[in-house]
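The values are calculated or read from the model by the stated rules, or taken from the named source; none is laboratory data. Remember, predicted model here, so these are calculated numbers, not experimental data. Every residue, glycine among them, receives a Cβ derived from its backbone with ideal geometry; neighbour counts consider all protein chains shown.
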Amino acid sequence: MKIRHSQGGFEEIRLPMTPMIDIIFQLLVFFALTFKIASSEGDFNMKMPLAAPSAGPVDPSQLPPMKVRLTAGPDGELAAIRFGDRALGTDFQRLRQSVVAVVGANPGPGILESAEIELDCDYQLKYEFVIEAITAVSGYVKDGQVVRLVEKIKFAPPRTG
Amino acid sequence: MRFKSGYTLPKEGDMTSMIDMVFQLVCFFMVALNFSEAEVNERVHLPSSELARPPDGPMPLRITLHLMPTGRVILGGEEMSIPGLRRLLILEKQVLDVSDKQRHREATIIIRADTAAMTGRVQELIRQCQEVGFEKFVLRARQEETRLPSTGT
């Protein structure tokens, strides 16, 4: 049996790296150009009655909805907040405190199921104030944790524009 | 004057660290890439809320409506008025109901309305969807980074 004697040790095998680096750079440029820093979004569930509400027996344990009235100025800015019959100025913090006074600072599941808010807004009111109102009545953040106040929120029938 | 004699091989720089870094950048961009761009629209600036949290799981059946400050709606890249939306909503409902007649009831309408949009228009939009037969609605808001003070209770 013949044994080859290598002369000068092992030969270095070179992989062609250039095409791979080209592709990687192209990928990098593609991702860098299409990259967008998108802020995360969240949802608020709305309980919306159907256009034709189904007739049924009224649950006696069901609390009547708390009415929140948002009045707009001529430019769509918030002019006034009313919680039931009480005027709260334009302070959403006071609205939250009013809801806390009704349902408690840490309502249990029973209250969460039965408590309901009805938002009655002017037609031209800017939508950002609606979200602020929903935020105020939905809950608050305490020590990094979200405390839920009211989960059922609905709109009153729309006012004419 | 002395000259070096003989042929010298060209020296190659060490590419390993650069390739490592480029690979890491590619991985970062791939992971951070937002694949749900169909659900966002640059013309709509969402209001922010400290309680807006991303949903726990993906909504299986969802229809996203973008309401611009002008009162026009965008559905699937098509811009229209709120009354003009009815035709497309009926089509969406028919597509959903192909396998099951009541499947449209499970669909969630995601409303992405601009901060400056009129609330009455949002309500008109909801009414339009209700009349077609959709029942579930969510209002979408941008997650606020800065925390408002709590109630102090």
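A:Gln93 falls short of the stated requirement of being touching an Asp or Glu at 6+ places or on another chain (Cβ under 9 Å), surrounded by 14 or more Cβ atoms within 10 Å (Cβ to Cβ) and facing chain B (nearest Cβ under 8 Å). Kindly indicate whether A:Ile37 is of a type in the set (A, V, I, L, M, F, W, C), at pLDDT 85 or above and exposed (fewer than 13 other Cβ atoms within 10 Å of the Cβ). In short, no.
The residues of the range A:1-22 that are modelled with pLDDT of 75 or more, among the aliphatic types (A, V, I, L, M) and loosely packed, with under 10 Cβ neighbours inside 10 Å, listed by number, are A:Ile13, A:Leu15. Look at (1) at pLDDT 90 or above; (2) over 18 Å from the mean Cα position of the chain (by Cα) and you find that A:Arg96 fails only one, number (2).
In a residue-by-residue description of the range B:36-56, the property of being closer than 19 Å to A:Asp43 by Cβ, at the interface with another protein chain (Cβ under 9 Å from one of its Cβ atoms) and in a strand (DSSP E or B) applies to at least one position.
Being at pLDDT 85 or above, under 27 Å from A:Ala133 (Cβ atoms) and under 29 Å from the mean Cα position of the chain (by Cα) is a description that does not apply to A:Lys47.
Do you know which of the residues in the range B:68-122 that are β-branched (Val, Ile, Thr) and free of Cβ contacts under 8 Å to residues at least 12 places away in the same chain is farthest from B:Pro54 (Cα to Cα)? Among those residues, the one meeting the criterion is B:Val98.
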